[in-house]
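Step one of this worksheet: look at the structure below.
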Amino acid sequence: MTELLGIPAPVLFGQLLLGLINGAFYAILSLGLAVIFGLLNIINFTHGAQYMMGAFTAWMLLNWAGLGYWWALLLAPLFVGLTGILIERFLLKRLAGLDHLYGLLLTFGLALVIQGLYRNEFGSTGLPYAIPAELRGGQNLGFMFLPNYRAWVVVVSLAVCLATWLVIEKTRLGSYLRAATENPTLVQAMGIDVPRMVTLTYGFGVALAAFAGVLAAPIYQVSPLMGADLIIVVFAVVVIGGMGSILGSILTGFGLGVIEGLTKVFWPEASSTVIFVIMAIVLLLRPAGLFGRTG
Amino acid sequence: MSTALLEVEDLHAWYGEAHVLHGMRFSVREGEVVTLLGRNGAGKTTTLKAILGIGPRRTGSVRFRGQELVHLPPHRIARLGIAWCPEERGIFASLNVLENLLLPPVVAEGGLSLEAIFELFPNLRERLSSQGTKLSGGEQQMLAIARILRTGARLLLLDEPTEGLAPVIVQQIGRTIEKLKRAGFTILLVEQNFRFAARVADRHYIVEHGRVVDEIASVELGPGQERLVAYLAV
Ligand SMILES: Nc1ncnc2c1ncn2[C@@H]1O[C@H](COP(=O)(O)OP(=O)(O)O)[C@@H](O)[C@H]1O
Ligand SMILES: [Mg+2]
């Protein structure tokens, strides 16, 4: 068996792949947080619960309506995004102009409420969700076995992140978004319905979380607290990348996933804390984050 | 005699508890260049913001082509054909010059083409891919004016476009305003530089403590000019 740095290649690449998978979820989730924070100035603590809602919506579509994975990938983000639009329209809008703390408390409270409701309904043991037939099996690459579904998750996550980045950086809609992030009043005085844009942006960020939830359903168990655990790491990723930076959250998400995976190989005891250690170091050296704008 | 394009009557505005406008009253006819002149803090910028529906709470009446604006949200007001060039210019750092220029949506037919805009402001053509805020102060001012000319808006609200700029640039902006007037734009200009204002405008409203206290037409300059100087002297 081939070895690299004294580690069997399948183990090394296996952990690398696991790191990429986790990184894909970190990237999509922190990207949504960044888009929301940029325009709404709200740190969306409900994000983890909305990711969980995505996974559960996939489960419900399958078990209650007979609609499979591919339908879920389309419908769950739409449905959860719609609930996000209602939350923005009826709750978050009222916080405009108030201190950050209010948004934080509201979204954190909402997460607890949503998770509680799901736990009441479904219990806290995880529910299984099968990998779709088209993506079962895997490829033997010689140095490792690559499960098709995991490859799909990494590729589709990258594609979604890059597409979002392109829309924000290269299109007219994206220039409205960037401009309104800087000076919403002036953009509205140009004739753009900024309040509606804010609502739709929140809906989009939430839909991204739900999309990640559907991707996660066949990998992890579908359970009411699946997002609560993940979101803590994602907030560390956001702090490291710099709150509000689009490209920063994508690169940091994938990068930290890989670093976490490699730590599992070389120093397993540290793997669950490495991201927080990096966060502490970044906060000391560059408080605005690696990609954040200072000042 | 053309009719009033913009009519402001008994306009009051508040920032929180602070009552800043105390019954502003003035009008602008189609094709005119009219200034609001007054010292710092008189309420000129607040008047523009109250017309646009941004910032201060307001009561009273603002009519554009006879339509009441006081109850409309800002984006609807802009869509009627009113464009604003703010005092702080409002160039976006996260957009390059071309994106800044193309940002305001077209609200009506008849806006200037990019070619016509580059004829007015040749400097901009060379800098299209620069970050907006990397431009000099004068270039940023030109960009801030340029981007509202594309949209087809016929009423332009310009807030101190000459503030802090070198004399050559002030002259260039003066010539631009004259060209825009000839092209049929209606302009409400806020100024403290009365010499500049006297050259480009048809009429002047003197603003003090949130009210219009006098109106002077440029044709009566001479005796009028002395009154202007007296109002603006510190
Ligand atoms: N955002 C604001 N909040 C509170 N007071 C303001 C604000 N903007 C302006 N003011 C006050 O309103 C008055 C009029 O200001 P402004 O309209 O900017 O005057 P001008 O443009 O004529 O210099 C001033 O006393 C100023 O201090
Ligand atoms: Mg002012």
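Read-outs throughout are calculated quantities, based only on the coordinates presented, and are distinct from any laboratory measurement. Everything quoted here is computed from the prediction, not taken from an experiment. Every residue, glycine among them, receives a Cβ derived from its backbone with ideal geometry; neighbour counts consider all protein chains shown.
When Lys and Arg each count +1 and Asp and Glu each count -1, what net charge do the other residues less than 15 Å away from A:Val274, Cβ to Cβ, add up to? List each step's numbers first, then the result.
Values: positive: A:Lys264; negative: A:Glu260, A:Glu269.
Taking every Cβ under 15 Å from that of A:Val274, the sum is -1.
Go ahead and estimate [θ] at 222 nm for the protein assembly as shown from helices alone: -39,500 (n - 2.57) per DSSP H run with n ≥ 4, summed, over the residue count, rounded to 500.
Values: 20 runs with 287 residues, N = 529.
Mean residue ellipticity at 222 nm (helix-derived): -17500 deg cm²/dmol.
Could you work out the relative contact order of chain B, using alpha carbon pairs under 8 angstrom and six or more residues apart, expressed as a whole percent? Let's see the in-between values first.
Numbers: 452 pairs, mean separation 63.3, N = 234.
The value is 27 percent.
Hey, what angle do you get for helix B:223-232 against the long axis of chain B, alpha-carbon based, 0 to 90 degrees rounded to 10?
Roughly 80 degrees, rounded to the nearest 10.
Wrap a convex hull around the Cα atoms of region A:1-90, take a quarter of its surface area, and give that in square nanometres. Let's see the in-between values first.
Working: hull surface 35.7 nm².
Spelled out: convex hull of the Cα atoms, projected over all directions, averaged, 8.9 nm².
Please report, ordered by residue number, every helix of chain A (full DSSP H runs) that is 20 Å or longer along its axis going by C-alpha atoms and whose mean Kyte-Doolittle hydropathy reaches 0.5. It would help to have the intermediate numbers written out before the result.
Working: long enough: A:9-40 (45 Å, 1.96); A:47-65 (26 Å, 0.45); A:69-90 (31 Å, 1.41); A:100-122 (33 Å, 0.87); A:148-170 (32 Å, 1.26); A:194-216 (33 Å, 1.51); A:226-241 (23 Å, 2.64); A:246-266 (30 Å, 1.48).
Flagged H segments are A:9-40, A:69-90, A:100-122, A:148-170, A:194-216, A:226-241, A:246-266.
Using only the alpha carbons of region A:130-194, determine the length spanned along each of the three principal axes and report them from longest to shortest in whole angstroms.
Largest to smallest, the principal-axis extents are 59, 25, 14 Å.
Diagonalise the Cα gyration tensor of region B:4-232 and give the resulting equivalent ellipsoid semi-axes, square root of 5 times each eigenvalue, largest first, whole Å. Let's see the in-between values first.
On the way: eigenvalues 144, 88, 55 Å².
After diagonalising the Cα gyration tensor, the semi-axes are 27, 21, 17 Å.
Whole-Hz Karplus ³J(HN,Hα) for region B:182-197, in order, using 6.51 cos²θ - 1.76 cosθ + 1.60 and θ = phi - 60°, x for Gly and Pro?
Going residue by residue, I get 5, 7, x, 5, 9, 10, 9, 10, 9, 9, 10, 7, 5, 4, 5, 4 Hz, with x marking Gly and Pro.
What's the whole-number percent of alpha carbon pairs in the protein assembly as shown lying beyond 33 angstrom? Provide the component values of the computation, followed by the final result.
Working: 71720 of 139656 pairs.
Percent of Cα pairs beyond 33 Å in the protein assembly as shown: 51.
Compute the semi-axes of the equivalent ellipsoid of region A:213-295, taking the square root of 5 times each eigenvalue of the Cα gyration tensor, and list them largest first in whole Å. Walk me through the numbers before you get to the answer.
Values: eigenvalues 108, 57, 24 Å².
Taking √(5λ) for each Cα gyration eigenvalue gives 23, 17, 11 Å.
If I stretch the segment between A:Leu74 and A:Asn41 completely, what's the gain in nm (0.36 nm per residue apart, minus their alpha carbon distance), one decimal?
Stretched fully, the A:Leu74-A:Asn41 segment lengthens by 9.1 nm.
Go ahead and set up a Gaussian network model of chain B, Cα springs under 10 Å, then flag whichever of B:Val20, B:Val62, B:Val213 fluctuates most.
Result: B:Val213 has the largest fluctuation of those listed.
Kindly provide log₁₀ I(q)/I(0) values, in the same order as q = 0.15, 0.24 Å⁻¹, from the Debye equation applied to equal alpha-carbon scatterers of region A:225-266.
The Cα Debye sum returns log10 ratios of -0.38, -0.83.
What does the highest-first list of A:204-210, B:13-19 look like by mean Cβ count within 10 Å?
On the way: A:204-210: 27.4, B:13-19: 12.1.
Ranked from most to least packed, the peptides come out as A:204-210, B:13-19.
If the cut-off is a Cα-Cα distance under 30 Å, which lysines reach A:Lys170, setting aside same-chain residues fewer than 8 apart in sequence?
Output for A:Lys170: A:Lys93, B:Lys134.
Can you pull the mean other chain C-beta count within 10 Å for peptide A:189-201? Provide the component values of the computation, followed by the final result.
Values: counts 17, 15, 16, 7, 5, 3, 3, 1, 1, 0, 0, 0, 0.
Rounded to a whole number, the mean comes out at 5.
What is the diffusion coefficient of region A:141-283 in µm²/s, taking the Kirkwood radius over Cα pairs and the Stokes-Einstein relation at 4 °C with a viscosity of 1.567 mPa s?
Values: Rh = 17.6 Å.
Answer, rounded: 74 µm²/s.
For region B:68-167, what's the radius of gyration and Dmax over Cα atoms, in angstrom?
According to the Cα coordinates of region B:68-167, Rg and Dmax are 13.5, 42 Å.
Measure off 7 Å from each Cα along the Cα-to-Cβ vector at A:Leu105 and B:Thr3, then give the distance between these two points in nanometres to one decimal.
Those two pseudo-labels are separated by 5.3 nm.
Based on C-alpha coordinates, I'd like the Rg and Dmax of chain A, in Å.
Considering chain A through its Cα atoms, Rg and Dmax are 19.4, 66 Å.
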